[in-house]
Structure formats: C-alpha cells, structure tokens
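Engineer: This is the structure, below, for whatever I ask next.
The values are calculated or read from the model by the stated rules, or taken from the named source; none is laboratory data. Quick caveat: nothing in here was measured; it's all calculated off a predicted structure. So basically every Cβ, Gly included, is an ideal-geometry build from the backbone, and we count neighbours across all protein chains shown.
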Amino acid sequence: PIIRAFKNSLLVTVVGVFLNITFSVLAAYPLSRPYFKGRAFFSRFIVFTMLISGGILPNFMLMKSLGLINSYGSIWLITLISTYNVLIMKSFFQNIPIELSEAASVDGCGEFRLLVQIILPLSKALLATMTLFYMVANWNEFLNTLMFIGDPKKYTLTVVVQEMIRNSSMLTDAAFMDPEVAKNMTGEGIQAAGIFVMMIPMLCAYPFLQKFFVKGVMLGSIKG
C-alpha cells in the first residue's frame, strides 16, 4: 500500500503543481497589467474569495455534478489556484519595469509571447518559490482526498500514513491487554517509516529550488 500510495501522491503532486503554476500565472499576469480594464474589480473579487469559502457540502455537490467523485480531477480542480499565491505573483509582475513590455510591444511582441519570453524568464525566483509552495500543499493533501476519493487504491500517502498511525495506536492499546501482542508490536516504527517516506520528495526537491531563492531579479536588465 505504501508504494501505491507514494505513486498516487506523486501523480497528484506533479500534475497539480503544473496546473497550479499555469493557472496562477494566467490569473496574475492580466491583473498586473495597468491597461487591463476591470483590474481593480477582479483583484477585489479574488480577495473576497479568501474571506468566504465555498463550504464542504457545496464543493462535494459540485464535484458530484461534474462526475469527478473518486477521481483525482476533483482534487486538482478544488485546489487549482491559491488566491494568496496569485496576489504574490501579481505584485511581483507589477514590479517588473513596464518599459520592458513597451519595448517588446514596439517590436511587435504579443501578450502571450511577452509573458513567455520576457516576464517568466525574469521570474525564475518567483516560480521556484511558488513551485515549492504548491508542491508541499499538493503532497500533503489530505482533507480533499478523504472527501472525494472513495477507492482505497487511489488513496494518497497522507491518508495511508494516517491510517497506519491510527492502526498502530490500536496496537498500542491492545498491548496493554495482551503481552503477546506487545512482543510483536512495531507501531512506532511504522509511524516513523511512513513519515520519513512522506519527507523524501521535499528533501530531494528543495536543494534544486534553493538557488533561486537567493538570486536577485532584474539586476542589470535595464541600462541607460
């Protein structure tokens, strides 16, 4: 079960992070452009979503109507965008000098090309940070998996580890009543092993992303 759950969590995390970054960038970039009409309204609208949640029952009913119950699509959709991260991206994009965009527009560069070839390359530190944030959130996903995934074969690692910890607690309780159980009890070892397995991807990913956290952005990009 651990290996299968590890693969499930890896799938949820990889696809989830890709969707998170893609849609967060597509949401933040227009809001950062001064010439985007309705920018103030949409900025306030997404902030409003931070104050009032949709609720568990409406989310479940929505996923059921979309046919996404017992599918990872429900997890990806419900966690598609983090408003907090979108606001961070928006603020970062706004700090990139508008002169770069104006110069690119004069040379015939469209908005999509401007985003892909100019804005994103200058935002490597931001993207690395957001990738780490989303990676941790997706890897530690627990509540949505319990709500929307009913097939134990599709459980992610967090759910399986939680079940292991619960079962090991039951073993501990039984050990006080039956000495024979106590001899073979390995509850604490199972807990430690499960938690260590959960930490492996984060420990592997962080060194590759760390170098972007200390890099300056836009240094020397504009001269004269």
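Engineer: Could you tell me how many of the residues in the range 132-154 are closer than 14 Å to Val25 by Cβ and either among the basic types (Lys, Arg) or modelled with pLDDT of 90 or more (or both)? Break it down into steps so the answer makes sense when it comes.
Structural biologist: As a first pass, look at the range 132-154 and keep what is closer than 14 Å to Val25 by Cβ: 133-134.
The next check asks that each one be either among the basic types (Lys, Arg) or modelled with pLDDT of 90 or more (or both); those that pass are 134.
Count: 1.
Engineer: Please go through the range 29-52 and pick out each residue that is among the β-branched types (Val, Ile, Thr), surrounded by fewer than 16 Cβ atoms within 10 Å (Cβ to Cβ) and assigned to a helix (DSSP H, G or I).
Structural biologist: Of everything in the range 29-52, those that are among the β-branched types (Val, Ile, Thr), surrounded by fewer than 16 Cβ atoms within 10 Å (Cβ to Cβ) and assigned to a helix (DSSP H, G or I) turn out to be Val47, Thr49.
Engineer: While we're here: Inspect the range 25-48 for any residue being without any contact (Cβ under 8 Å) to a residue 40 or more places away in the chain and β-branched (Val, Ile, Thr) and give the result as yes or no.
Structural biologist: No, the range 25-48 contains no residue that is without any contact (Cβ under 8 Å) to a residue 40 or more places away in the chain and β-branched (Val, Ile, Thr).
Engineer: Still on this structure, I have one more. Which one of these is closer than 26 Å to Leu157 by Cα and assigned to a helix (DSSP H, G or I): Leu87, Leu57, Leu68, Leu100?
Structural biologist: Values: Leu87 fails: closer than 26 Å to Leu157 by Cα; Leu68 fails: assigned to a helix (DSSP H, G or I); Leu100 fails: closer than 26 Å to Leu157 by Cα.
The unique qualifying residue is Leu57.
Engineer: If we scan the range 112-127, do we find a residue that is farther than 17 Å from Met89 by Cβ and modelled with pLDDT of 85 or more?
Structural biologist: Of all residues in the range 112-127, those farther than 17 Å from Met89 by Cβ come to 113, 117.
This time we only want the ones that are modelled with pLDDT of 85 or more, so: 113, 117.
The answer is yes; a qualifying residue exists.
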